[in-house]
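Participant: First, the structure itself, so that you have it in front of you.
The values are calculated or read from the model by the stated rules, or taken from the named source; none is laboratory data. Every value quoted in this text rests on a predicted model; they were computed, and no experiment measured them. Here the Cβ is made from the backbone with ideal geometry for all residues, glycine too, and neighbour counts use every protein chain on show. Keep in mind that these areas ignore ligands, DNA and RNA; they rest on the heavy atoms of the full protein, side chains included. Shrake-Rupley method; radii C 1.70, N 1.55, O 1.52, S 1.80 Å.
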Amino acid sequence: VQLQASGGGLVQAGGSLRLSCVARGLNFSRNTMNWYRQTPGKLRELVASIGSSGSTDYSDLVKGRFTISRDNARRMVYLQMNSLKAEDTGVYFCNLPNFRNRSYWGQGTLVTVSS
């Protein structure tokens, strides 16, 4: 299994970014996918989750600003981030939480929001 995230960058506060993650080596459509982030001085935290049915869940910190989605045909999961704040700065990771009793992580993509 391989997860590869992309789409990070530098953006001004109030701006938007879309992160992408491609998953290889599994039956993608059957699996929940997550986005985590690690911000300076904090533990890695769950940002958003999308189930195999398309159901979604969000951290209260991003609810109403971020949208997680998936394209099963392309084996992609996305995180659309709007109204970005300086405190959203961090490294964002896509995560496959449970596949054959293992959790898998992408390499992370850096998001920097300037105030």
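Participant: In segment 16-56, which trypsin sites (Lys or Arg not before Pro) fall in coil by DSSP and have 11 or fewer other Cβ atoms within 10 Å?
Facilitator: Lys42
Participant: OK, next. Suppose each label sits 7 Å from its Cα in the direction of the beta carbon; what would the Gln38-Lys63 distance come out to in nanometres?
Facilitator: If labels sit at Gln38 and Lys63, their model points lie 2.7 nm apart.
Participant: Can you compute 3J(HN,Hα) from phi for each residue in segment 3-14, using the Karplus curve 6.51 cos²θ - 1.76 cosθ + 1.60 with θ = phi - 60°, rounded to whole Hz and x for Gly and Pro?
Facilitator: In residue order, the calculated couplings are 10, 10, 9, 7, x, x, x, 9, 9, 7, 3, x Hz.
Participant: Solvent-accessible area of Glu87, probe 1.4 Å, all protein chains present, reported in Å² to the nearest ten, please.
Facilitator: Here the accessible area works out near 120 Å².
Participant: Within the set of other residues whose C-beta is less than 14 Å from the C-beta of Trp35, count the net charge using Lys and Arg as +1 and Asp and Glu as -1.
Facilitator: Local charge sum for Trp35: +3.
Participant: Ok, one more. Under a 1.4 Å probe, what is the accessible area of segment 25-68 per residue, stated in Å²?
Facilitator: I get 55 Å² per residue for segment 25-68.
Participant: Between Ser83 and Ser103, what's the calculated FRET efficiency when r is the beta-carbon distance and R0 is 35 Å? Round to 0.05.
Facilitator: The computed FRET efficiency comes out at 0.75.
Participant: Using a 1.4 angstrom probe on the protein heavy atoms only, line up Asp88, Asp71 by accessible area, largest first.
Facilitator: Sorted by accessible area, descending: Asp71, Asp88.
Participant: Using a 10 angstrom cutoff on alpha carbons, build the Gaussian network for the chain and name the most mobile of Ala48, Ala86, Ala73.
Facilitator: So, out of Ala48, Ala86, Ala73, the one fluctuating most is Ala73.
Participant: Also, I was wondering about something else. What is the set of long-range amide H partners of Gln107 at a cut-off below 5 Å, with H atoms built 1.01 Å from backbone N?
Facilitator: So Gln107 has HN proximity to Ala5.
Participant: Using a cut-off of 9 Å between beta-carbons, work out the net charge of the residues near Tyr78 (Lys and Arg +1, Asp and Glu -1, Tyr78 not included).
Facilitator: Net charge in that neighbourhood comes out at +1.
Participant: Another question, then. Taking a spot 7 Å from the Cα of Asn72 along the direction of its beta carbon, which residues of segment 1-33 have an amide N less than 12 Å from it?
Facilitator: 27-32
Participant: When the chain is modelled as a GNM with alpha-carbon springs shorter than 10 Å, which of Ser55, Ser29, Ser83 fluctuates the most?
Facilitator: Between Ser55, Ser29, Ser83, it is Ser55 that shows the largest mean-square fluctuation.
Participant: Same structure, new question: For the chain, what is the convex hull (Cα atoms) projected area averaged across all directions, in square nanometres?
Facilitator: Quarter of the Cα hull surface area: 6.6 nm².
Participant: Follow-up. Tell me which residues come under 5 Å, amide H to amide H, from Val47 once H is placed; ignore anything under 5 positions away on its chain.
Facilitator: Here the answer is Trp35, Tyr36, Arg37, since their amide H atoms fall under 5 Å of that of Val47.
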